[in-house]
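For reference, the structure discussed in these notes is given below.
A short reminder: the numbers here are calculations on the coordinates, not readings from a lab. Here the structure is a predicted model, which is why all the values come from computation and not from measurement. Please note: Cβ atoms are built from the backbone with ideal geometry, for glycine as well, and neighbour counts cover all protein chains shown.
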4 protein chains.
Amino acid sequence: MTQKIRTAILGASGYTGAELIRLLMRHPHVDIVLITADRKAGQPIENVFPHLGGEGLPDLMAIDDVEWAGLELDVVFCALPHATSQRIIKGILHDTGHGFIDEMVIETPEDYANAIQGSVKVIDLSADFRLRDADTYAQWYGGEHDALALQKEAVYGLTEHYREDIKKARLVACPGCYPTAALLALIPLLKQKVIQKDGIVIDAKSGVSGAGRSLKEGNLFAEVSEAMHPYGIAAHRHTPEIEQELSLALGEDVLLTFTPHLVPMNRGELETIYVSLEDGKSASDLRELLQKQYRSEPFVTVLDEGATPATRHVRGSNNTHIAVFEDRVPGRAIIVVVIDNLVKGSSGQAIQNMNLMFGLDETLSLEQMALFP
Amino acid sequence: MTQKIRTAILGASGYTGAELIRLLMRHPHVDIVLITADRKAGQPIENVFPHLGGEGLPDLMAIDDVEWAGLELDVVFCALPHATSQRIIKGILHDTGHGFIDEMVIETPEDYANAIQGSVKVIDLSADFRLRDADTYAQWYGGEHDALALQKEAVYGLTEHYREDIKKARLVACPGCYPTAALLALIPLLKQKVIQKDGIVIDAKSGVSGAGRSLKEGNLFAEVSEAMHPYGIAAHRHTPEIEQELSLALGEDVLLTFTPHLVPMNRGELETIYVSLEDGKSASDLRELLQKQYRSEPFVTVLDEGATPATRHVRGSNNTHIAVFEDRVPGRAIIVVVIDNLVKGSSGQAIQNMNLMFGLDETLSLEQMALFP
Amino acid sequence: MTQKIRTAILGASGYTGAELIRLLMRHPHVDIVLITADRKAGQPIENVFPHLGGEGLPDLMAIDDVEWAGLELDVVFCALPHATSQRIIKGILHDTGHGFIDEMVIETPEDYANAIQGSVKVIDLSADFRLRDADTYAQWYGGEHDALALQKEAVYGLTEHYREDIKKARLVACPGCYPTAALLALIPLLKQKVIQKDGIVIDAKSGVSGAGRSLKEGNLFAEVSEAMHPYGIAAHRHTPEIEQELSLALGEDVLLTFTPHLVPMNRGELETIYVSLEDGKSASDLRELLQKQYRSEPFVTVLDEGATPATRHVRGSNNTHIAVFEDRVPGRAIIVVVIDNLVKGSSGQAIQNMNLMFGLDETLSLEQMALFP
Amino acid sequence: MTQKIRTAILGASGYTGAELIRLLMRHPHVDIVLITADRKAGQPIENVFPHLGGEGLPDLMAIDDVEWAGLELDVVFCALPHATSQRIIKGILHDTGHGFIDEMVIETPEDYANAIQGSVKVIDLSADFRLRDADTYAQWYGGEHDALALQKEAVYGLTEHYREDIKKARLVACPGCYPTAALLALIPLLKQKVIQKDGIVIDAKSGVSGAGRSLKEGNLFAEVSEAMHPYGIAAHRHTPEIEQELSLALGEDVLLTFTPHLVPMNRGELETIYVSLEDGKSASDLRELLQKQYRSEPFVTVLDEGATPATRHVRGSNNTHIAVFEDRVPGRAIIVVVIDNLVKGSSGQAIQNMNLMFGLDETLSLEQMALFP
C-alpha cells in the first residue's frame, strides 16, 4: 500500500477515542488527519491526553468547524455519543459528496459497490447503527432514529461473524463491549443448536473505563474503588443488541437475562454465561465446537479444559479468551469470556474492521500482547 | 453483667482473627485472655497486626502450649483451618473437663443444657462443623471427620434463622461467607415456596481478604489488581453448604449452580442470584416476603424497589443489604445481596452469635456504620 | 450528661459530612437535628449516602431554608467550601442571637466566656478560619475575608496543641489534613529547637477522598487508579497554614517545601518529612522528645525504633502514627507520619474538639480501631 | 538484518522476564530460543503466564540443564536474583567458549573488541554488575563478589548516558528502576554544576510489581491495596548505585537521601527530587538544560513549564517524563520524574541496550504508546 489511509477520529477526548489514537499511531498505513472534540476544540491532544502528545497529531477541532470536502478522508472513526452519531454520520456522507443508498437503485452487490465507490468509509463505535429494527431503537434509546436508510445499510461489525459483509461495507456499526463478548461465545452454540435458547443468563462484569470519561458521581474514584455493584439490571441497552444477533443466529426469537456489574479496575470485561444444554450435549461438545469455530481466528482463543480466563490475560490486547465448564447441575454448562473492553470491546475491533475494509492484514496495529502485570 | 466474658481467639494471625480482635476489643463485656498463632508464638500482636497494638492484649501463644484448664475460659473463637479446627476443638472440650454429648444420655433440651453446663462455649469460624452429613464432609473436604459427635451437636450459626438454637448451643459453626449471603436471601423464598428449587444460579463476587493471609501467588497484589477472574467453578466447597441449608428449608433436595469470582478489593461480597418464580408470583411478592421476614432484624435490610445494593454500603459493618428485581424474562427474578465478607460473612456474625449465647444484646460491638468511602 | 447535644451538620453531601454523620450517630450524647446540602435539599440521606440510611436522620435541607432560631442548636459542624463557610457562620451566629466579639468589650477570659455564653458553638472544617492573618488569607484564597472579627476569635483546632483554648472556644477552625499530620510531628521539634527551621521538606501523599466528592475529571476512577502524580507543587494552600503554626511554635518565620501527591486509595495520608538536626542532636533524640510529648495522648502514637508507619494501620480510625529514622546523611533525619485524612485529618479531629468543648471524654465516638484489611 | 538474534531469557517466571518476552516477541529481529525458570522447568510458558501463550515459545528449562554450547546464542538476558546472576553469567561466558578479559592483554579498545569477538552478549537485569566497586558491593549486598573481572568489564546500561560504551560492550548491567529515573534527571544537572551536591532528597514511589513475584506477606493484595508505606528508609540498595553514578558525573563524592514508598498500583514509578540550586541558577535553567540534553532522545521527554508528570502517561511504555518546578523556598527546585518500572526501569531499557549492541534502531519493539486508562 503506497498511500496512507487518511483517517479522522471524531470524539477524540473520550477513552475510546484515545484508544483509537494509541493503536492507529503505530499502524503502518494510517495517517490521522483530523481529530475532533467539541469542548476541547483548538487544543493540542497533549492537553487532553498527555500520553498521546509529541507525535505530530493535528490539534482538536469542533465538528461543526470541519470542512469535510477538502479533507479527502478515506475513513472516519466515530466515537461520539449515540443520537449525535447518526446526525453527524449522515452529514458527513452528504458533505463528502455521497447520496444515500435508499435514493439509488440497489439491486445487486455490484450496485452497492458502485454506489459507495469513492465514498469515505465510516466506522461507528456508538450504539446508533447496531440495532437493525427502528422500533427497537426507538424503544431502548428514547427517540426516533434520524437516519433510517443508513441504519439499514450498516453492517454489524462483529468481525469474526460478519467478515465478508464488513469487507464490502461503507458503514460499520461496531458492537457494544458486552455484546462482543457474549456473541463470540453464544452465536456458534445457538447456530449449531447445542444449547437451549431459553434460560440463558449473562452475568457481566466490567472495568470502569466502560463508563467513559464523563463526569458522573458514580465514576469517581472514591465511589468505585474498594467496591462493587450491579447496574442497569434487566434494563441495560446492550440486551436487545445481544438478543437481536442471537435471534438471527438461531432463526428464532431469543429472550435472555443480562446483568452488568461495575468492578474497580480500569479495563477488562468478564462474562459468566449460564446455559442449558440440548439433550445429549455436554460441556466438552461446546468446547470442541467453539475451538473448531475459532481455530484460525487471530483474536479468539478457546481455552483447553481446566484453564480459567482472567481479564489480566487480555489487558490492553485485542484478544478474547473463552472457556467452557461443566456445571454440577446435569444438563447445564458455564461459559466464561474475557476481553479488554476498550480494545476488542471497542477500538481494537473497530481497527480490525478497518483493516478488513481496506484489504489489509486484519491484525495490523493490533499485534501487541497483553500488558501484565 | 458484672463479670467479663473470658475469651480466647485461636488463629489470631489471619484476617478473621484480626477482625475478631478489632471488634471484641470494643465489646463492653469481653476480656480477651488468650490469642494464639503457632508461627508467631511469643510475639506481641503489634508485630503481626500493628493496627491492633497498644491495647494490652496478651502475647500470641502456640496452641500446644496453652494450659486450658487454668484459663477459665467462657468462650473460644476458633479461626483455624478446617481439619485442624475439629482436632483442636475436640481437645479443648476434653481438656476443659467436659465429656462429649454422645457419651451421655441426652433425651431432652434440659438434658443437653445440663450436660454442657459450665462448659466453655465454642464458636467455630472454620468449615469443620458446617456440614451436617459425615459423607458430604468427607467428599468435599478430602478426609473423614474426626469429631463426628461434635459435628452432630454443632448448631449452624446463621443467626437470623437459628437464633433459638444458637442461644442454647455449646458449639456453633459459623456459616461460610458465600452461604451467609445466599441463605439470607433464599431460605425464606424456598420455605415459602415462592421460587422454584430448580435452576437457581448464584453468581458470587468477593474481595481478596476472603482468600485469607496465606502466601499464594494468586493473592499477590500485582496478580489481582486491575484484574478479575472466576475460580472453583462448579467445585467450590461452599456449594454443598448452601444446598444443605436450602434443602432443609424446603424439605427437598436442592441442587444449584454457584460460581465465585475474585474482585480487586479488600473486602466486600456481592451475590447476584437468578431464580424462577413459582406460578403467579412476582418480584414484588419476593421483596415483600423478605421485607416482612427481616423487618425487625438489626443486620438485614431489604431495600425498597429501585434501590441497588453495593458493597461499599456495608463495608466494615455487620449489615446485609438485599434487593429484588423483576427480570425482563417472564417468570424470573434477580436477587442481589451484599455483605462484608469479614464481618457479617465471618467475624461479625460470630460475635452476633456470641452475644446470643451469653444472653446479651445481639448488636453489642457490632453497631458501627459502614466505612465509606 | 442528661440532655443530648443538639447538633447540625452543614454540607452533609460531601465525604467529610458523611464521616461526621457516621461517627456522631454512635456518639452517646449527640442528637443530629439538622443536616443540609443545597443540591440535595428535600431528600432523605439514604439517597445521597445509602450507608447512612435507616437511622432516623432528618431529611436534607437547603441552608437558606433553615430557621436557625427555632432549632436551639448546641453545636454546628460546618463542612462547606471555603468562602461560603465564613458567610454562613457569620449569619448563624447572628441569627441565633449573638453579636460578634469585636462589638463587645473583651478584656479577660471571663469577658469572653460571658460574651459567648449560651451561644451555639461552631466547628468549622473549611479553610476559612485557619489562617490568622487577613492578608495571607486573601493572598492564598483569592479574596478578602468577610468575617475578620471571627477570624481573630477562631481557635486553631489542632487538639493536642491547643486543647485548653479549644475547651473555651466558640469557634474552632479545624486544621487541614496535611497540616494535621505535619504539625503533630514538627511543632514539638521546632519548639524544642532540636531541628533546624531551614530546609524542611514535606513530601505528602494522600488518598483521593481528600479531593472531595465534586465532579472533576482528575478524580474519576479511570484517571486515578493504577496511577500516581503530584499536584499543587509549591502552591498548595495548606503550605501557609503549616508555616503559620510552625512559625508560632518557634517564634521565628518558617518557610518550607511542601509537595502533595495523589495516591490510588480512598483514604489515608502519609507524610515523609526531611529535616536537618540541630548540632548534637540525633534521630533518637527526636523520637524520645516526641514520645515524651505524646505519651498520654489517646490518638498519637510515636513508634519505637524499627517500626514503620503505614496508612493501613490507621484506616478509619482517629489515630496518628509517627516514626523517626536516622538518615545516612549525617545531621539529617526522616520523619514519617500517617493519619486517615477523613478522620484525624478532618471529621474525627472535629469531633475530638467537640468533645472537649462540651466537657466530655475526648475519645467519645472515636474509639474504633483501624479497619484492616 | 537477515538472520535473527538468537536470544535467551533467564528467569522467565518473574515479572521482568515476562516483560522481556512480551516486548521481544514483537521484535522483528529477535528469535527467543531459550527461556529458563528453575521451579517451573519443563512447563510451557502459558502455565506460568497465560497471556504469553500460543506464540510458539520453547518450554521453560532449568538453568543447570541448559547445554550452552549448542544453542549458538547471540544474547542472554539475565533476570535472575543477584548473587545467582554473577555465578550464572560467569559460567555462560566460560561455557560458550570465551575466557575472561582479565586473562588477556587488553590495552586498547581494539584489543577488547577482538577479545569478545564472537562471544555471546549478556544483558544483566540484576544488581550484580551495577556497582563498580567490589567493597561497596560486598557491603550492600552482604557478600563478596564472585566475578570481579566481569564486574570491571561490565558497562552500566543507562542508555542515554553510556550509549557509546554500550554499543561496544559484551556485558551490560542494566540500572535499577529507581536509579534510572533519578540519574536521568540528576546526571546532567550535577555535571553542569547547576545544582548543589549536598542536600539532595529523592522521595520515590513505586508500584508493587517492582517487588517481583515472590511470595511475601507484604505483597499480598489485601496488605497493599488501599494503603501506602515507605520501606528501606536510609537503607535501600539502590542508594549506592545512584551515588556512584552521580559522583562519577560530578567528579566528587555525592551522598544523598533516598526514601522509596510502596504504592497500590501494579506499575509506575515516580520520584520527587528536592535540590538546592547553585548561585544564580533557576528552575528554568534546569529545565532548559535538561531539554537541551534530551532533545533528540526517543524515550526522554522534558515537559514544558506548567505540565505535571503522572505515571499513567508512561504506563506500559519505555518513556520517561521529567519536569522541573520552582520551589517557594528561594534557591530550591523540585524535579519530578516518572517511568514504568518494568519497562524503562527494567526490561524496556534492557532491550534498548540490546538494540544498540546489535547496531539496530534503538526503538525497535519499544514503540508502543502508553496504555491509558
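For this structure, a couple of remarks:
- For B:THR320, nonlocal amide neighbours, meaning residues 5 or more places apart or on other chains whose placed amide H falls under 5 Å from its own, are B:VAL300, B:THR301.
- If you plug the beta carbon distance of B:ALA235 and B:GLN43 into 1/(1 + (r/R0)^6) with R0 = 51 Å, you get a FRET efficiency near 0.90.
- Panel note: the C-alpha atoms of region D:254-373, placed on their principal axes, show extents of 45, 35, 30 Å (largest first).
- DSSP finds beta bridges in region A:178-340, and of those with both partners inside it, around 70 percent are antiparallel.
- Taking Cβ atoms as reference points and 11 Å as the exclusive limit, the residues near C:VAL300 contribute a net charge of 0, counting Lys and Arg as +1 and Asp and Glu as -1.
- Amide H contacts for A:LEU277 (H built 1.01 Å from N in the peptide plane; partners 5 or more residues away or on another chain; cut-off under 5 Å): A:GLN196, A:ARG332, A:ALA333.
- With a threshold of 21 Å on the Cα-Cα distance, the over-threshold entries among B:LYS193/B:LYS292; C:LYS4/C:LYS168; D:LYS90/D:LYS121; B:LYS344/D:LYS216 are B:LYS344/D:LYS216.
- Peptides D:22-35, C:288-301, B:337-350, A:198-211 ranked from most to least packed give B:337-350, A:198-211, D:22-35, C:288-301, packing being the mean of other C-beta atoms within 10 angstrom over each peptide's residues.
- Per-residue Karplus couplings for region B:36-53, computed as 6.51 cos²θ - 1.76 cosθ + 1.60 with θ equal to phi - 60°, are listed in order as 10, 6, 4, 6, 10, 3, x, 8, x, 4, 5, 5, 9, 9, x, 6, 9, x Hz, Gly and Pro entered as x.
- Spacing of the modelled spin labels on B:ASP198 and D:THR136, each 7 Å from Cα toward Cβ, amounts to 7.6 nm.
- In plain terms, the bigger the Kirkwood radius, the slower the diffusion; for region C:5-153, with that radius from Cα pairs, at 4 °C and 1.567 mPa s, Stokes-Einstein puts D at 80 µm²/s.
- In the distance distribution for region D:178-340, Cα-Cα pairs more than 19 Å apart total 55 percent.
- Based on DSSP H segments of at least four residues, each scored -39500 (n - 2.57), the protein assembly as shown has a per-residue ellipticity at 222 nm of -8500 deg cm²/dmol.
- The angle between the Cα long axis of helix A:177-191 and the main principal axis of chain A comes to about 50°, on a 0 to 90 degree scale.
- Local electrostatic count at A:THR84 - Lys and Arg +1, Asp and Glu -1, tallied over other residues with Cβ under 12 Å: -3
- Helix axis angle, D:348-357 relative to chain D longest principal axis, alpha carbon, degrees: 60
- Shape summary: region C:328-373 maps onto an equivalent ellipsoid whose semi-axes, from the alpha-carbon gyration tensor, are 30, 15, 9 Å in decreasing order.
- Near-label residues of region D:109-134 by backbone N, under 20 Å of a point 7 Å along Cα→Cβ of D:ASP165: D:109-117, D:121-134
- Other residues whose C-beta falls under 11 angstrom from the C-beta of C:LEU184 contribute a net charge of -3, scoring Lys and Arg +1 and Asp and Glu -1.
- Backbone amide hydrogens, once placed in the peptide plane, bring D:LEU60 within less than 5 Å of D:GLY42, D:GLN43, D:ILE45, excluding anything fewer than 5 places away on its chain.
- Among beta bridges that DSSP assigns inside the protein assembly as shown, antiparallel share in %, nearest 5: 45
- Scaling against 2.2 N^0.38 Å puts the C-alpha radius of gyration of region B:1-83 at 1.02.
- Between the Cα long axis of helix C:159-168 and the first principal axis of chain C there is an angle of about 30°, rounded to the nearest 10.
- Computed from backbone phi, the HN-Hα couplings of region D:258-273 come to 9, 10, x, 10, 9, 10, x, 8, 5, 10, x, 9, 9, 10, 10, 10 Hz, rounded to whole numbers (Karplus: 6.51 cos²θ - 1.76 cosθ + 1.60, θ = phi - 60°; Gly and Pro given as x).
- Global geometry of the protein assembly as shown, whether rounded, prolate or oblate, following the gyration tensor of its Cα atoms and the 1.5 cut on a/c: rounded
- Beta bridges by DSSP in chain A, antiparallel share as percent, to the nearest 5: 45
- This model, with +1 at the C-beta of Lys and Arg and -1 at the C-beta of Asp and Glu, gives the protein assembly as shown a dipole about its Cα centre of some 0 debye.
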